[in-house]
1. Just name the residue that is farthest from the chain's Cα centre (by Cα) out of those in the range 86-141 that are more than 19 Å from residue 152 (Cβ to Cβ) and charged (D, E, K, R).
2. Name the one entry in 136, 132 that is surrounded by 14 or more Cβ atoms within 10 Å (Cβ to Cβ) and charged (D, E, K, R).
3. Are there any pairs with C-beta distances below 9 angstrom linking a residue in the range 180-196 that is in the same structural domain as residue 140 (by TED's automatic domain parsing) to a residue that is at pLDDT 90 or above and of a type in the set (Gly, Ala, Ser), with the two at least 6 apart or on different chains, and if so which?
4. Quick one: count up the residues across the range 199-244 that are modelled with pLDDT under 80, touching a Lys or Arg at 6+ places or on another chain (Cβ under 6 Å) and not in a loop (DSSP other than H, G, I, E, B).
5. I need the full set of residues from the range 117-166 which are part of a strand (DSSP E or B) and free of Cβ contacts under 8 Å to residues at least 12 places away in the same chain, in order please.
6. Got a number for residues in the range 57-72 being within 10 Å of the chain's Cα centre (by Cα), part of a strand (DSSP E or B) and over 16 Å from residue 182 (Cα atoms)?
7. Counting only residues that are closer than 17 Å to residue 58 by Cα and either among the hydrophobic types (A, V, I, L, M, F, W, C) or in contact with a helix residue (DSSP H, G or I) (Cβ under 7 Å, 6 or more places away or on another chain) (or both), how many does the range 101-126 have?
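The values are calculated or read from the model by the stated rules, or taken from the named source; none is laboratory data. In this text the structure is predicted, and so the values were computed from the model without any measurement. Neighbour counts run over all protein chains shown; Cβ positions are idealised from the backbone, glycine included.
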Amino acid sequence: MWDVFKKRDGDAVVAGSLELKARGISCSGLDGVGMFVAEKSVDSVVKVERHSERVLILKMVLDNGLLNVLTVYAPHSGKLEEEKENFWNELFHLVSCIPQNEMAVLVGDMNGHVGSNSVGYDGRHGGYVFEDRNADGCRNLEFADGLNLVMCNTLFMMPESKLVTYVAGSAKSTVDYIMVRQSDEVKVCNVKVIPNEECVPKHKPLVMDMRFNTTKRRHKNFEPRVRVWKLKEERTSEEYKSMVRDKVEEEEWKYLDVNEHWHKTKKIMMETAQPVALWNVKRPLQT
């Protein structure tokens, strides 16, 4: 399981994904992927696309932007190189098509060991992970490097129990990863494994905490307005014209240029409208 959290006022799970076995998902008998969304966030989901049994994309509204969560299941080491190449090429294309102004979170079983050494992949690998690197792990890192992605669960120093995502008897490894674009790395607060839980056989839940800056809506200062529609009423219109005429006759207009003449006329008309048409001075309700 890979959970993506949005924290605001200490609450809210936005989305989570869980690798599901073939029952009810795969037509060919292979393992597939699925995704869960917190019930309160269902209305934020814009689109869900299954590109294959191994790749599923969920797009949802997050604050003022869009979040794309890709849950994947990469071919394991025993698969043919052609199948692996096809998978990673398709995934590369899908991620590269996501606009840069939208957030992308890639989660899943990458079936590779990236090792604890970050040499050659600074900015992609944080240096904290379990076990040595293998060929499939190199493929994972090349993929991340090509798309400027960061492998988030390599960023934080953790005890071994919170780094290992896969346990089968005495065998332990890290094959599940969460990736985000390097520009979104600053939002990642923590990534850890829940060691005493099991989301699917042999796999441990991998959880990422993220922080998003929520923009507070700024209310414009309220400006009173004249209810001009009242001037269409015959009685109000006649009263208004009479009052404007009287004020115009009282003013001194000699030696005024065009602009001064206009501003004085405007002032008379607006001041006269206040008692006649009434100003809308009641402040609107704030939402």
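1. Within the range 86-141, the match that is farthest from the chain's Cα centre (by Cα) is 132.
2. Result: 136 is the single residue among 136, 132 that is surrounded by 14 or more Cβ atoms within 10 Å (Cβ to Cβ) and charged (D, E, K, R).
3. Within 9 Å, the pairs are 180/104; 181/104; 184/104.
4. Residues that pass the stated criteria total 1.
5. 122
6. The total comes to 6.
7. Residues that pass the stated criteria total 5.
Results for (1) aliphatic (A, V, I, L, M); (2) free of Cβ contacts under 8 Å to residues at least 12 places away in the same chain, shown as yes or no for each residue.
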position	(1), (2)
50	no, yes
56	yes, no
66	yes, no
76	no, no
86	no, yes
